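The values are calculated or read from the model by the stated rules, or taken from the named source; none is laboratory data. The structure presented is a predicted model; accordingly, all values stated were derived computationally and were not measured. Note that we place each Cβ from the backbone using ideal geometry, even for glycine, and neighbour counts take in every protein chain shown. Accessible surface areas use protein heavy atoms only, side chains included; no ligands, DNA or RNA. Shrake-Rupley method; radii C 1.70, N 1.55, O 1.52, S 1.80 Å.
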Amino acid sequence: MKFIKEQIKVARKNDPSLNSIWEVFLSVGFRAIILYKISRFFYIHKRYFLSRYFMERSKRKTGIEIHPGALIGKRLFIDHGTGVIIGQTAVIGDDVVIYHGVTLGGTGKEMGKRHPNIGNNVFIGCGAKILGNINIGDNVKIGANAVVLNDVPSNVTVVGIPGKIVKF
Amino acid sequence: MKFIKEQIKVARKNDPSLNSIWEVFLSVGFRAIILYKISRFFYIHKRYFLSRYFMERSKRKTGIEIHPGALIGKRLFIDHGTGVIIGQTAVIGDDVVIYHGVTLGGTGKEMGKRHPNIGNNVFIGCGAKILGNINIGDNVKIGANAVVLNDVPSNVTVVGIPGKIVKF
Amino acid sequence: MKFIKEQIKVARKNDPSLNSIWEVFLSVGFRAIILYKISRFFYIHKRYFLSRYFMERSKRKTGIEIHPGALIGKRLFIDHGTGVIIGQTAVIGDDVVIYHGVTLGGTGKEMGKRHPNIGNNVFIGCGAKILGNINIGDNVKIGANAVVLNDVPSNVTVVGIPGKIVKF
């Protein structure tokens, strides 16, 4: 399948500690995306309880929670993964790399569309929180433990609490 | 039971992605509070090993660790939950909302009462760490990834490292 | 065995909520170090798939991921543990205490040796991220949620994003 080939390709590109392609099948990032696809299948067919069951199963088994309502692009790579939360109305572009502890969440003040839009080729460092219905541009790097609450243009690096642009 | 009714009520209020009340029973926050109650039962009866077993089981199955010695108020809502740690001597008021990655912990310097007291109607954002025997007032909001090491008065918002009051 | 004796000793020293030494065997920190030792055995004998299997098993069961290539010193104590990630080329000295959510990771820019070296008697607070091939001296304390990207001399305390020295 194309999806598996792509996942092996991004894992080889992003994880220098990989020794063989079989190890990809053990990784929690790969498993979480498979479980997301199952969860999303039931979600689209309005079997919400089953959908939620697979989402919670993914959280228990992989530490990664991707809400089936989220839209994820091609070649998403989730490294390490423990504690990753991706909210219901989040939208993720292509070639995004997400590390453990990242949240694409809400601020608790909005209803409806309340989670961020992430552009293409974005790198989100471990522990970063991106909250609210905001837009993150293409080729953005977000530093570890940063808290991003506002729109971010393309081609910049953001660090700190609250997230500030440090490099163009 | 009253507890289950309350949990369903707070889940509906705080989680806009919920589609039916049955999904509450799948959520890790609900399960962790049940396991805390079991763990606390054995703790009060001085069966410390059994008590610890259920605490560690909760951590494995839900990612949430609530020490059986902690006192939690009514209608505590733990959303997402992965990585939540609540220490032995922590005290939590009523109607508190805690997100994933929150720690109510110690600083490693104190013995005895060494974890925080949280007031009523407090909102603690994802990844926030509240450390030491400090008092957090009522209606406080604590931002994502904040580190709070000092007392916080009521009705304020705290963000950053170390946590600073930004809004009255 | 000497290792088990040492682990009991450090757990008693660092965890005031412990009621008996048997509880050490339930703790995820203890289990993760056992699984690391198994994983490392297969790693040294170049059975990389088996090695990776035990690393991923440790992550699923304990929330702690220690790459078998990492070198850890004596009497390492991992408290709570959920979300701890220790990278392939990390080196940890003796008597180090690591809390939950700590990452000893890479910056994504380096190849080869790309994870930090930690000195002896270092205390790393919950949620702290130490990234890149940097050196952390002896007797250093690193605050909760700090992000450390540069070398740190001995006998200092580091807090914030990016990590700054606050106390000598």
Inset, instruction - Kindly indicate which of A:Asn133, A:Asn121 is farther than 28 Å from A:Ser27 by Cβ, surrounded by fewer than 20 Cβ atoms within 10 Å (Cβ to Cβ) and at pLDDT 95 or above. - result: A:Asn133
Inset, instruction - Select from segment B:28-52 the residues that are more than 27 Å from B:Ala11 (Cα to Cα) and surrounded by fewer than 17 Cβ atoms within 10 Å (Cβ to Cβ) and write down the one among them that is nearest to the other protein chains (Cβ to nearest Cβ). - result: B:Phe49
Inset, instruction - Determine which member of the set A:Lys109, A:Lys74, A:Lys113 is basic (Lys, Arg) and either crowded, with 23+ Cβ neighbours inside 10 Å or under 12 Å from the mean Cα position of the chain (by Cα) (or both). - result: A:Lys74
Legend entry - Candidates C:Asp151, C:Asp138 - the one that is out of contact with any strand residue (DSSP E or B) (no Cβ under 9 Å at 6 or more places or on another chain), surrounded by fewer than 17 Cβ atoms within 10 Å (Cβ to Cβ) and more than 8 Å from every other protein chain (Cβ to nearest Cβ): C:Asp138
Inset, instruction - Kindly indicate whether B:Gly81 is modelled with pLDDT under 95 and either out of contact with any Pro (no Cβ under 8 Å at 6 or more places or on another chain) or within 23 Å of A:Gly101 (Cα to Cα) (or both). - result: yes
Inset, instruction - Go through (1) open to solvent by 50 Å² or more (accessible area, probe 1.4 Å); (2) under 18 Å from C:Gly87 (Cβ atoms); (3) within 12 Å of chain C (Cβ to nearest Cβ); (4) in a helix (DSSP H, G or I) and name the single condition A:Pro16 misses. - result: (4)
Legend entry - Flag if C:Lys61 is more than 10 Å from chain A (Cβ to nearest Cβ) and either out of contact with any strand residue (DSSP E or B) (no Cβ under 6 Å at 6 or more places or on another chain) or in contact (Cβ under 8 Å) with a residue 60 or more places away in the chain (or both): yes
Inset, instruction - Could you list, in sequence order, all residues of segment B:59-71 that are surrounded by fewer than 23 Cβ atoms within 10 Å (Cβ to Cβ) and under 15 Å from B:Ser27 (Cα atoms)? - result: B:Arg60, B:Lys61
Inset, instruction - Return yes or no: is B:Ile78 more than 7 Å from chain C (Cβ to nearest Cβ) and over 21 Å from A:Gly106 (Cα atoms)? - result: no
Legend entry - Boolean, C:Glu56 is in contact (Cβ under 8 Å) with a residue 12 or more places away in the chain, among the charged types (D, E, K, R), touching a helix residue (DSSP H, G or I) at 6+ places or on another chain (Cβ under 6 Å) and within 14 Å of chain A (Cβ to nearest Cβ): no
Inset, instruction - Return yes when A:Val140 is within 11 Å of the chain's Cα centre (by Cα) and hydrophobic (A, V, I, L, M, F, W, C) and no when it is not. - result: no
Legend entry - Residues (open to solvent by 30 Å² or more (accessible area, probe 1.4 Å) and either within 14 Å of chain C (Cβ to nearest Cβ) or in contact with an Asp or Glu (Cβ under 8 Å, 6 or more places away or on another chain) (or both)) located in segment B:90-100: B:Tyr99
